Every structure is written in C-alpha cells, then in structure tokens.
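Chemist: Here you go, one structure.
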Amino acid sequence: MGLLTDEDDWIARASTDRNRMRMRKEVFGVFGGRTAFERHHETDAFDTVVAGEHLTVGLRDPALGVSGRSDVSEHETGHCVVWGEAFCPTGGDDVAAWLADAYAERGAAAFADLNGSYLVALEHGDEALVATDPIRSWECFYTDAPGTRAFGSDPTAVQGTVPDPEVRRTSLLEFLHLGTVLGEKTLFERTHRAPFDGYVTRDGHGEFRRFVYEPGEFDYAAELARRLRTAIDRRSDYPGETGLLLSAGYDSRILLSELPAVSRCYTVGSPDDQEVAAAQRVAEQYGAAHRVLETDDRYLSLDPSKSRYSQSIKESLHVHHAGYTDDIEVDSVYHGLLYDTLFKGFFLERDAVEIAGKRLPWRRLAADPDPFDSLLDTLGFSAPDSRDLTRTATRVFEDVEVDDPAAFLRSSLESELDACRDRATSAHNATDLLAIRNQPVLPFRAHLADNFLESFVAVDSALLDWHLRTPPEHRSPDTFRAAMERLDPAIDRHNPPDRPHDVPLFNYAESFLRRLLPFLSPFESAWPDREAVYERHDVAARLSAPVPEDLSVRHALRLHDALTQAAAHDCRED
C-alpha cells in the first residue's frame, strides 16, 4: 500500500528528519555475527556492541552501568544484554550476569524472576532470543532483513533494513480510526512486534506464561499499599536531580509521598486551570518546587520526533509534554502511568443508568459486559468523525476506504479478545488484558525514557502480580484510594478538582448535575483544551497534509502521525 501525496518536499524533509532523529537510547541487533550487523547499522553509533556467532547486539544508553539500568554480560557460552530498567531477585548490579546464569540453569523459566521494564537479548550456546517484559512495556520490533533477521527498540532503525517498504492497510485503518495498531502488527507490512509477554528467535517467535489471571482472596488494599511502597523504594536511588510529572489526581501524588528525593514537579496547563492550582497545592504539601508547563503552541507539537515516539503503532497525542523537554530541568523522572489501568480498572465496563439523556455510571461492574462498545469509546473511536477522516485520508493514502469503520474495528477487537482468552477466564479480565496488550498511552513514557532516566513503577513484578490475583471488582478507585490512605493518611488533604467530595457517590452526583443543568459548568478536564489550542495557534496550517475544517482535531493529528511515519520511510507509489 503506497503513499499517494505528491508533496515531494515533505518526503525529502521527513527522510532528512529520519537520519537526524536518532533515538538517544536504543538497542538494535541481528541474529548473526558482527558482519551481518554491520550490513545494517554502523557500530560507532552505540556505547557497546556485543558480538556472538548467533546474535550481535548494539546498545546505547547513558545510564549503562547505573544500578537497575541497562547491563551487559559476556561469558564463555554466549552473552546477555539487558536494556531498560531491570532488577534481579538477588539484588546487586549484575543483572545481565545473573540472567545468563539463571538461563543456563533453568532455560526460559528464568525470565519469570526478572523484574522491570526491559528488553533482553541473550545468546547461550546455539540458542539466541530477544524477550520483552511481561506486559511488553518496551516493544521489540523485528523484520527479516536481507540476509538475517534484524530487531530493535526503534522501529525506524528496524524498518530501515527493509527495501521498498509498504504500509499495511489494516494497520493504517486501525491507526486512523482507533489511534492504536492492534496485536503484533506495525504500520508496515514486513515489520512486526514481538508477542505480548513473548520473545523472538532467528526464525520464529513465541509467548511466555508470566501474565495469566489467577484471582484469589486477600486484603487487596493493604497488599497494594505494601507492594507500591516496595516498588517505589526499589527505584528511589537514581542519580541527579529528580522530577515528577504531577497531576491533581492520586496516581502521581503517592510518588511525592514516598519519594523525598523529588525536588521538582511539572504540570502541563495554564496557571489559572483548576488542575494546575490543585497540583501546586499538592507539591507545596510535600515540599517540592512546582513549575507550570504553560499551554501554548508547544502543547500540540508537530515536530517529527513526537510522531516517532508513537513508534508507528500509536497516536502521539498522549505525549502531552513533548514540546517542553528543555523546560524539564531534571535528570531522573517519575510518573504514575498505568496506575489507572492496572490498579483502578479504567477499561472495565461498569453499569450505568440513563437520566435525561445523560449516562450516570455506577461503581458496580456490568453483569453482562459488551467490551467492544466500551473499548471503542475509551480508545478514542468517534463514529461521526470517521467519514470525514476517511475522505481526507484517501487524498494521501490509497485504499483506505471502509464501508463501516465501527464494524471493521469490532472485528479487529474480537480477534484481539480471542487472543486473550487463554490468559483470562472472565470477560472483565479479558477486556483488561486486551487494553494492556494494546495500551494506547505508552508513547508518553517512550518520550520520557529517551530524554531522561525514567522509572516505570507500575510495571514492578509484584504490582503486576497484584493485578493478576485481584478480582476485577476490587481493581477499583475505592481500593486504590484505601491503599493510598494506608501509605499516607494525609494523601487526600487536597481533593482533585473533579472529585471535591470524600464520598464517591457525591462526586458522581455533582458531575452528573454539572453536565445536566445549563446554569452549572462541567468539571474542567485534567488536560488542556486541545481544540482551543489547535485553533488559537493555527495548527492546521502546519500539518503534513491539508485537512478540512470539519475534521476533528484528534483525527487531524492522527493523520499527521501516520503520514509522518510513512513519509519518513518513503512509502510512495512507484
């Protein structure tokens, strides 16, 4: 599938950007020796290159050698590269050596004891594989390049080994209408992703069984509090000045409570926003400085590097802070990403009642869930906008028309749900797993991790185990808040602006009344009004392709992302 635009100046600029925008942190390798590696990538681009007979890996990471970060081990029977944030059960800094020894003794079972957010490339004797962490929080992209299989953390580098790249039609449709390419696909025909909780070998791929739902009975709030404290403490000693992306909610403020080292907090918005004012009060409560990353034309940054953090599989809209990188003046950064998914059941379908045309949700889970409609809404599908989007997309891409986008996406989601059933026995758990397998917000951390020493607390193995063992009805805001109060009784001194009452039912009632009654204004969104920013700074004039006025902001930005990715690889019609 080709790119139909004749804007050759954009193509040339995107190709130049591709060469300029090398990721600061990257792992790239081939299933083969150094000669095969050098056919596809220059060795001097990496901090170290580890070469074996069956696997050669290049690693670039300024944190190489920092405890809990990327690590390399070479030994008589092979080598092991751990890239990202990883901890072994014995403690200490030699994570790669520990894993190499454990793999020699127990094989693939050793990966169950490796904790963190990482990619691993390992050669042992005649065996070679590349593995993800249990929830694929780092993607491993791979393709069968000429002469060998290549893989890496940056799809641009991997895709660059493929001659005559083509856009995959189903991926493009999913990306445009849902903002996420589902499953193991990428935007391109011959580039794939390692399976969820999985691995890639020279000529195949497979899955582990580390992430399987097995609900049990225990004190859910107390255990979540205990495991959160341990997970945060495990990541509490990173070098340099420490910062936190702080919202007015509970997800990030618990890090302030448990991490005295945090000296600076950052919130995107305007000084008079309720969210910003509340975050300021929380920062003051814990003695940290606070800076507002003010909403201006940088909020909807169109720099090609922002689209690159979407890794050709997700929309870059979620990288709210991408335009403010130079203003975040710290070395190490923490955030509360995925707390809502893993601990509070954000994607679980709950019962609701319709009153005066408004939907009032309950705390109770739906007795007979229909995950497709709820997921389409939560993942950002808008049926009214789909026709305008398709009409615009056909001007730059061939063959993107689809009669019923909702039916197409429902079919895609059904296939994904089927892939979840052997790991989840209930419909609610399968829904959560589908959302975790295709988590749309990960470009947020991809940007942070590439620019700072970033810590991903939520993917600690003990916290993932809590998620898997806790029944879905107890993965809720109530359980999470009870856990927070166990960690710090003063955590709710300043309520979030959209939850002004201590009683959840009162918050639901006020939110409902504010949406129903014309003389009351709704609660402010936690994020800046992107439509207002888009119009105020004439973002449409700077998009990579002209868009009609009636195309929604979100869909215009998705189209820009897709075109930026495709143009960077010169996917044009011959």
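Chemist: Does Glu223 qualify as being open to solvent by 10 Å² or more (accessible area, probe 1.4 Å) and not in a loop (DSSP other than H, G, I, E, B)?
Modeler: Values: open to solvent by 10 Å² or more (accessible area, probe 1.4 Å): yes; not in a loop (DSSP other than H, G, I, E, B): yes.
Yes; evaluated as a whole, the condition is true for this residue.
Chemist: I'm trying to understand the selection: among the residues of the stretch 158-196, which are assigned to a helix (DSSP H, G or I), aliphatic (A, V, I, L, M) and either open to solvent by 10 Å² or more (accessible area, probe 1.4 Å) or farther than 20 Å from Glu401 by Cα (or both)?
Modeler: Residues of the stretch 158-196 that are assigned to a helix (DSSP H, G or I), as a first pass: 158-159, 169-178.
Filter again for aliphatic (A, V, I, L, M), leaving 158, 172-173, 176, 178.
Result: Val158, single match.
Chemist: Show the residue pairs that are 6+ apart or on different chains and have beta-carbon atoms under 6 Å apart, the first residue being within the stretch 452-469 and in contact (Cβ under 8 Å) with a residue 24 or more places away in the chain, the second being outside any helix (DSSP H, G or I) and of a type in the set (Ser, Thr, Tyr).
Modeler: Close Cβ pairs (under 6 Å, with a partner that is outside any helix (DSSP H, G or I) and of a type in the set (Ser, Thr, Tyr)) amount to Leu453/Tyr238; Leu453/Ser332; Ser455/Tyr334; Phe456/Ser117; Val459/Ser117; Val459/Ser137; Leu468/Tyr213.
Chemist: Can you name the condition, by its number, that Thr470 falls short on among (1) open to solvent by 10 Å² or more (accessible area, probe 1.4 Å); (2) under 21 Å from Asp351 (Cα atoms)?
Modeler: All conditions pass for Thr470, except number (1).
Chemist: Just name the residue that is nearest to the chain's Cα centre (by Cα) out of those in the stretch 135-144 that are open to solvent by less than 20 Å² (accessible area, probe 1.4 Å) and of a type outside the set (Asp, Glu). Working first, answer last.
Modeler: Filtering the stretch 135-144 down to residues open to solvent by less than 20 Å² (accessible area, probe 1.4 Å) leaves 135-137, 139-143.
When the remaining residues are screened for being of a type outside the set (Asp, Glu), the result is 135-137, 140-143.
On the way: Ile135: 10, Arg136: 9, Ser137: 7, Cys140: 13, Phe141: 15, Tyr142: 18, Thr143: 22 Å.
Among them, the one singled out is Ser137.
Chemist: Also: So, of the residues in the stretch 351-377 that are surrounded by fewer than 16 Cβ atoms within 10 Å (Cβ to Cβ) and modelled with pLDDT of 80 or more, which turns out to be nearest to His474 (Cα to Cα)? Give the steps one after another, and end with the answer.
Modeler: Here is the first cut: in the stretch 351-377, the ones surrounded by fewer than 16 Cβ atoms within 10 Å (Cβ to Cβ) are 351-359, 361-364, 367-368, 370, 373, 377.
Subsequent filtering for residues that are modelled with pLDDT of 80 or more retains 364, 367-368, 370, 373, 377.
Numbers: Arg364: 10, Ala367: 15, Asp368: 17, Asp370: 20, Asp373: 23, Asp377: 23 Å.
Step by step, filter the stretch 351-377, then rank; the result is Arg364.
Chemist: For the stretch 217-233, indicate whether the set of residues that are free of Cβ contacts under 8 Å to residues at least 24 places away in the same chain and in contact with a strand residue (DSSP E or B) (Cβ under 6 Å, 6 or more places away or on another chain) is non-empty. Even if it seems obvious, please write down each step before you answer.
Modeler: Pass one, the stretch 217-233, residues free of Cβ contacts under 8 Å to residues at least 24 places away in the same chain: 217, 219, 226.
Still in the list and also in contact with a strand residue (DSSP E or B) (Cβ under 6 Å, 6 or more places away or on another chain): none.
Looking through the stretch 217-233, none of the residues is free of Cβ contacts under 8 Å to residues at least 24 places away in the same chain and in contact with a strand residue (DSSP E or B) (Cβ under 6 Å, 6 or more places away or on another chain).
Chemist: Being open to solvent by less than 10 Å² (accessible area, probe 1.4 Å) and within 17 Å of Asp126 (Cβ to Cβ): is that true of Leu55 here?
Modeler: Values: open to solvent by less than 10 Å² (accessible area, probe 1.4 Å): yes; within 17 Å of Asp126 (Cβ to Cβ): yes.
Considered against the rule, which asks whether it is open to solvent by less than 10 Å² (accessible area, probe 1.4 Å) and within 17 Å of Asp126 (Cβ to Cβ), Leu55 comes out as yes.
Chemist: Is it true that some residue in the stretch 420-430 is out of contact with any Gly (no Cβ under 9 Å at 6 or more places or on another chain), under 30 Å from Pro62 (Cα atoms), assigned to a loop (DSSP other than H, G, I, E, B) and of a type in the set (S, T, N, Q)? Show your work before the answer.
Modeler: The initial filter retains those residues of the stretch 420-430 that are out of contact with any Gly (no Cβ under 9 Å at 6 or more places or on another chain), namely 420-427, 429-430.
Filter once more, so that each one left must be under 30 Å from Pro62 (Cα atoms): none.
Scanning the stretch 420-430, I find no residue that is out of contact with any Gly (no Cβ under 9 Å at 6 or more places or on another chain), under 30 Å from Pro62 (Cα atoms), assigned to a loop (DSSP other than H, G, I, E, B) and of a type in the set (S, T, N, Q), so the answer is no.
Chemist: Same structure again: Which members of the stretch 403-441 meet the condition of being farther than 15 Å from Gly183 by Cβ, hydrophobic (A, V, I, L, M, F, W, C) and touching a His at 6+ places or on another chain (Cβ under 8 Å)?
Modeler: Of everything in the stretch 403-441, just one residue is farther than 15 Å from Gly183 by Cβ, hydrophobic (A, V, I, L, M, F, W, C) and touching a His at 6+ places or on another chain (Cβ under 8 Å), namely Val441.
Chemist: Please determine whether any residue of the stretch 388-401 is more than 21 Å from Phe188 (Cα to Cα) and either buried (at least 21 other Cβ atoms within 10 Å of the Cβ) or at pLDDT 90 or above (or both). Talk me through it step by step, then tell me what you get.
Modeler: Just the residues of the stretch 388-401 that are more than 21 Å from Phe188 (Cα to Cα), to begin with: 388, 391.
Next cut, either buried (at least 21 other Cβ atoms within 10 Å of the Cβ) or at pLDDT 90 or above (or both) only: none.
Among the residues of the stretch 388-401, not one is more than 21 Å from Phe188 (Cα to Cα) and either buried (at least 21 other Cβ atoms within 10 Å of the Cβ) or at pLDDT 90 or above (or both), which makes the answer no.
Chemist: Got a sec? Which of Leu442, Leu448 is under 23 Å from the mean Cα position of the chain (by Cα), within 25 Å of Ser332 (Cα to Cα) and open to solvent by 10 Å² or more (accessible area, probe 1.4 Å)? Full working, then the answer.
Modeler: Working: Leu448 fails: open to solvent by 10 Å² or more (accessible area, probe 1.4 Å).
On inspection, the qualifying residue turns out to be Leu442.
Chemist: Residue pairs, Cβ under 9 Å, 6 or more apart or interchain, first in the stretch 414-430 and under 18 Å from Gly216 (Cα atoms) and at pLDDT 95 or above, second among the hydroxyl-bearing types (Ser, Thr, Tyr) and crowded, with 21+ Cβ neighbours inside 10 Å. List them.
Modeler: As it stands, the answer is Ala424/Thr431, since those pairs meet every condition given.
Chemist: Here's a follow-up. Could you check, for the stretch 145-157, whether at least one of its residues is without any contact (Cβ under 8 Å) to a residue 40 or more places away in the chain, out of contact with any helix residue (DSSP H, G or I) (no Cβ under 7 Å at 6 or more places or on another chain) and either among the hydroxyl-bearing types (Ser, Thr, Tyr) or open to solvent by less than 30 Å² (accessible area, probe 1.4 Å) (or both)?
Modeler: no
Chemist: If you go through the stretch 202-212, how many residues are surrounded by fewer than 16 Cβ atoms within 10 Å (Cβ to Cβ) and touching a Leu at 6+ places or on another chain (Cβ under 8 Å)?
Modeler: Residues meeting the conditions: 1.
Chemist: On to the next question. Is it true that Tyr199 is under 16 Å from Tyr339 (Cα atoms), in contact (Cβ under 8 Å) with a residue 12 or more places away in the chain and buried (at least 18 other Cβ atoms within 10 Å of the Cβ)? Step through it out loud before you land on a result.
Modeler: Numbers: under 16 Å from Tyr339 (Cα atoms): no; in contact (Cβ under 8 Å) with a residue 12 or more places away in the chain: yes; buried (at least 18 other Cβ atoms within 10 Å of the Cβ): yes.
Judged against the criteria, Tyr199 is not a match.
Chemist: Which one of these is open to solvent by less than 60 Å² (accessible area, probe 1.4 Å), farther than 29 Å from Leu114 by Cα, modelled with pLDDT under 95 and out of contact with any Leu (no Cβ under 8 Å at 6 or more places or on another chain): Asp502, Asp492, Asp498? Can you show your working first?
Modeler: Numbers: Asp502 fails: open to solvent by less than 60 Å² (accessible area, probe 1.4 Å); Asp498 fails: open to solvent by less than 60 Å² (accessible area, probe 1.4 Å).
That would be Asp492, the only listed residue that is open to solvent by less than 60 Å² (accessible area, probe 1.4 Å), farther than 29 Å from Leu114 by Cα, modelled with pLDDT under 95 and out of contact with any Leu (no Cβ under 8 Å at 6 or more places or on another chain).
Chemist: Give me the residue from the stretch 67-93 that is modelled with pLDDT of 95 or more and β-branched (Val, Ile, Thr) and, out of that set, nearest to Ser236 (Cα to Cα).
Modeler: Result: Val82.
Chemist: Something else: Only one of (1) more than 21 Å from Glu315 (Cβ to Cβ); (2) surrounded by 18 or more Cβ atoms within 10 Å (Cβ to Cβ) fails for Pro215. Which number is that?
Modeler: Result: Pro215 fails condition (2) only.
Chemist: Scan the strands (runs of 3 or more DSSP E) fully inside the stretch 250-341 and keep the ones with 1 or more residues being small (Gly, Ala, Ser), crowded, with 17+ Cβ neighbours inside 10 Å and touching a residue at least 60 places away in the same chain (Cβ under 8 Å). Give the steps one after another, and end with the answer.
Modeler: Working: elements: 262-269, 289-294, 332-334.
The qualifying strands (runs of 3 or more DSSP E) are 262-269, 332-334.
Chemist: Taking the options Ser525, Ser552, Ser521, name whichever one is at pLDDT 85 or above and polar (S, T, N, Q).
Modeler: Values: Ser525 fails: at pLDDT 85 or above; Ser521 fails: at pLDDT 85 or above.
Within the list Ser525, Ser552, Ser521, the selection yields Ser552.
Chemist: Which residues, taken from the stretch 201-213, are in a loop (DSSP other than H, G, I, E, B) and under 30 Å from His124 (Cβ atoms)? Give the steps one after another, and end with the answer.
Modeler: Step one: filter the stretch 201-213 for residues in a loop (DSSP other than H, G, I, E, B), giving 201-204, 208-213.
The answer is Thr201, Arg202, Asp203, Gly204, Phe208, Arg209, Arg210, Phe211, Val212.
Chemist: Here is a further query. Taking Leu228, is it buried (at least 23 other Cβ atoms within 10 Å of the Cβ), at pLDDT 95 or above and in a helix (DSSP H, G or I)?
Modeler: yes
Chemist: Now for a separate question. Can you go through Glu74, Glu105 and tell me which one is of a type outside the set (Ser, Thr, Tyr) and part of a helix (DSSP H, G or I)?
Modeler: Details: Glu74 fails: part of a helix (DSSP H, G or I).
The conditions single out Glu105.
The values are calculated or read from the model by the stated rules, or taken from the named source; none is laboratory data. All of these numbers come straight from a predicted model, not from anything done at the bench. Cβ atoms come from the backbone with ideal geometry, glycine included; neighbour counts cover every protein chain shown. To get the accessible areas, we keep the full protein, side chains included, count just its heavy atoms, and leave off ligands, DNA and RNA. Shrake-Rupley method; radii C 1.70, N 1.55, O 1.52, S 1.80 Å.
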